[in-house]
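The values are calculated or read from the model by the stated rules, or taken from the named source; none is laboratory data. Computed from a predicted model, the values in this text were never measured in an experiment. In this analysis, Cβ positions are derived from the backbone assuming ideal geometry, glycine residues included, and neighbour counts consider all displayed protein chains. Accessible surface areas use protein heavy atoms only, side chains included; no ligands, DNA or RNA. Shrake-Rupley method; radii C 1.70, N 1.55, O 1.52, S 1.80 Å.
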Amino acid sequence: MNNGHTHVLLIEDNPGDADLVRLRLVEGDSTVDVSCVNRLADGLASMAKEPPSVVLLDLNLPDSHGADTYREVLEKAPGVPVVILSGQDDEALAMKAIHQGVQDYLVKGDITSNHLERAMRYAIERQALTRSLEISRHQQLEFKNQFLSHVSHELRTPLTCIYQFVTILLDGLAGDINPEQRWHLSTVLESVHQLRAMIRDLLEATRAESGKIRIEPRFVLVDDVVRQAASMMAPTAKEKHVRLEVGLGTRIPFVYADPERVLQVLINLIDNAIKFTPGEGSVMVKACIVDADPNMAYISVADTGCGIAPEAKALIFERLYQDPNSVDNKRSGLGLGLFIAKELVELHGGRIWVASEIGSGSTFSFTLPLYSLAKLLFPVITYAGQLREAITLVRIELTPLPNSHGSNWKDICQQSLDTLRRCVFLDKDLVLPVSGNIGISTIFLVAASTDLERAEIMMKRIREQLGVGAGFKAAGILTVSARAVPLPSTNGKQLEDLVQAVADGVTEMAAEALATKPFQKARVQM
């Protein structure tokens, strides 16, 4: 191999085969240090303590067998080259192992000292080359992402300038313009909006490819997000004379998702559906629970458009892909929308797919995980194997003042949430990961293991803490209210069933709290 010292880890449970391998290594010209173990678990422990130069691996061990053996070694020590020593001349298994990351496959009966030495040397060199190529690929990807990010940011400044001057002309602030000039300027403005959307998608795709997209999952009502997306896309559908409909099943429990990201996915899918649906066609947005998969919410966008060819369906979620056979000659964009949507859905732990036939429209569907409130509530609302005597739902509403335009309302809401979490008892109260919006207000909810009378103490503490927070007093109005959560009748029920009943009640109350007025008026200006 080389004149240096080589540490070989031999994982072999047959003493005769182990002695034969040692003999072949001693016969070679290289300086080797051989450690031998007879169980896979011992080999993994040895690699964790001191990674060897190369692993010589028997596939059939007392605690592992076949392909699972080398898979576990590759998973636990991905940077260590592995050479399989097998008693069987199995070409199919050898090819499978090589494709999955093993460096070589040797048959024990055919091993010579030169053969073994050469196999180990090549294995070490190939592993080093693979590592070098991986580092190079990562550096190239990072350079490309930095370049695209830099160019995208640089393009924003001239685009903003163009937008501002075109709107000045369109608003007549620089003098009157005739209809033909207005039409030309409107075309420029439309192109500016298109370029802005492309730049936004390019930045988002770059972040997705480098794993830098972040989501902030919360307690979210799917119905609200679906209706919001449909409302935002209604003018686009109306302009093209496409009927946009919403179909929601029975009340869907909360999902654990980032509402802004889910809205982004829905808008992208609805926009595509409208774009590829001819006038007088229709687009239907649905949300439901499927009995076969009770832990996920299913959302779909179906259109009556041109459909997608089978070969395109396999590629449609790929980065920069656009269907060359599309009948929409006004297609715009970089082909990044569905790629971004797929990344966002998978970050939530869901999946996205399409069902389509040419001429019969398309249905894009994706899933989001349902929120298990019972698991979070269990340690909070139970004590000594029983439900606590009383549970109250506290509602905190933050409304910005009309003259608070200079403040960063999103930062203030985050600071308010951080402060709110310090106002509760961790073993008895739970700040629900829910943030609802009613108009311009933001809502937070707390499930407290106390009655309404004692809840007043918590409410007072919340008012005082938020009222003195930096920047809060001049920024908005705080409304704190509370309502008792009905407790189920025990009647010999299991504690888990009781907690689930409470969770269902809190879920229903939370949905109402995000869409109605405060439980009890208790306002104070921040």
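So how many residues does region 235-246 have that are aliphatic (A, V, I, L, M) and farther than 12 Å from residue 271 by Cβ?
Selection size over region 235-246: 1.
Take the residues of region 277-323 that are β-branched (Val, Ile, Thr) and within 27 Å of the chain's Cα centre (by Cα): which is farthest from residue 233 (Cα to Cα)?
Residue satisfying both the conditions and the ranking: 290.
With a cut-off of at least 3 residues that are over 24 Å from residue 132 (Cβ atoms), name the strands (runs of 3 or more DSSP E) lying wholly within region 29-116. Can you show your working first?
Numbers: elements: 31-37, 54-58, 82-86, 104-107.
Filter on region 29-116 gives 31-37.
Kindly indicate which of 106, 85 is out of contact with any Gly (no Cβ under 8 Å at 6 or more places or on another chain) and touching a residue at least 60 places away in the same chain (Cβ under 8 Å).
85
Being in contact with a Gly (Cβ under 9 Å, 6 or more places away or on another chain) and either farther than 20 Å from residue 377 by Cβ or at pLDDT 85 or above (or both) is true for just one of 466, 445, 498, 514. Which residue is that? If you could, list the steps in order and put the result at the bottom.
Details: 466 fails: in contact with a Gly (Cβ under 9 Å, 6 or more places away or on another chain); 498 fails: in contact with a Gly (Cβ under 9 Å, 6 or more places away or on another chain); 514 fails: either farther than 20 Å from residue 377 by Cβ or at pLDDT 85 or above (or both).
Just a single option satisfies the conditions, and that option is 445.
Residue under question is residue 224, and the condition is that it be of a type in the set (Asp, Glu) and more than 25 Å from residue 353 (Cβ to Cβ); does it hold?
No, not satisfied.
Sort out which residues of region 231-267 are part of a helix (DSSP H, G or I) and within 19 Å of residue 367 (Cβ to Cβ), and write them in order of number.
Those that are part of a helix (DSSP H, G or I) and within 19 Å of residue 367 (Cβ to Cβ): 259, 260, 261, 262, 263, 264, 265, 266, 267.
Residue 369 passes all but one of (1) in contact with a Phe, Trp or Tyr (Cβ under 9 Å, 6 or more places away or on another chain); (2) surrounded by fewer than 19 Cβ atoms within 10 Å (Cβ to Cβ); (3) over 21 Å from residue 217 (Cα atoms); which number fails?
(3)
Give the residue, chosen from 216, 204, that is loosely packed, with under 13 Cβ neighbours inside 10 Å and touching a residue at least 12 places away in the same chain (Cβ under 8 Å). I'd like the intermediate steps shown before the answer.
Working: 204 fails: loosely packed, with under 13 Cβ neighbours inside 10 Å.
The match here is 216.
Within region 231-257, restricting attention to residues that are under 24 Å from residue 349 (Cα atoms) and surrounded by 16 or more Cβ atoms within 10 Å (Cβ to Cβ), which residue is nearest to the chain's Cα centre (by Cα)?
Selected residue: 257.
For region 268-285, what are the residues that are open to solvent by 40 Å² or more (accessible area, probe 1.4 Å) and either closer than 21 Å to residue 219 by Cβ or assigned to a helix (DSSP H, G or I) (or both)?
271, 275
Counting just the residues of region 249-264 that are β-branched (Val, Ile, Thr) and out of contact with any Asp or Glu (no Cβ under 7 Å at 6 or more places or on another chain), which one comes out modelled with the highest pLDDT?
Looking at the filtered set, the residue picked out is 262.
Let me spell it out: the conditions are (1) closer than 30 Å to residue 85 by Cα; (2) within 37 Å of the chain's Cα centre (by Cα); (3) modelled with pLDDT under 80, and residue 109 meets all of them except one. Which number is the exception?
Unmet for residue 109, out of (1) closer than 30 Å to residue 85 by Cα; (2) within 37 Å of the chain's Cα centre (by Cα); (3) modelled with pLDDT under 80: (2).
If you take the residues of region 114-128 that are over 14 Å from residue 98 (Cα atoms) and among the basic types (Lys, Arg), which of them is least open to solvent (accessible area, probe 1.4 Å)?
121
Can you say whether residue 160 is of a type in the set (Ser, Thr, Tyr), modelled with pLDDT of 85 or more and either out of contact with any Ser or Thr (no Cβ under 8 Å at 6 or more places or on another chain) or exposed (fewer than 15 other Cβ atoms within 10 Å of the Cβ) (or both), as far as the supplied structure shows?
For residue 160, the condition - of a type in the set (Ser, Thr, Tyr), modelled with pLDDT of 85 or more and either out of contact with any Ser or Thr (no Cβ under 8 Å at 6 or more places or on another chain) or exposed (fewer than 15 other Cβ atoms within 10 Å of the Cβ) (or both) - is not met.
Select from region 403-438 the residues that are modelled with pLDDT under 75, open to solvent by 80 Å² or more (accessible area, probe 1.4 Å) and under 26 Å from residue 505 (Cα atoms) and list them in ascending order.
Once the filter is applied, which keeps residues that are modelled with pLDDT under 75, open to solvent by 80 Å² or more (accessible area, probe 1.4 Å) and under 26 Å from residue 505 (Cα atoms), region 403-438 yields only 437.
Within region 310-402, which strands (runs of 3 or more DSSP E) (wholly inside it) include 1 or more residues that are within 30 Å of residue 504 (Cα to Cα) and at pLDDT below 85?
Hits in region 310-402: 392-400.
Every residue, every condition in (1) open to solvent by less than 30 Å² (accessible area, probe 1.4 Å); (2) touching a Lys or Arg at 6+ places or on another chain (Cβ under 9 Å), yes or no:
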position: 11; (1), (2): yes, yes
position: 20; (1), (2): no, yes
position: 23; (1), (2): no, no
position: 42; (1), (2): no, no
position: 50; (1), (2): no, no
position: 53; (1), (2): no, no
position: 60; (1), (2): no, no
position: 73; (1), (2): yes, no
position: 77; (1), (2): yes, no
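Could you please find all residues in region 163-185 being in contact with a Ser or Thr (Cβ under 9 Å, 6 or more places away or on another chain) and open to solvent by 90 Å² or more (accessible area, probe 1.4 Å)?
Passing the criteria: only 173.
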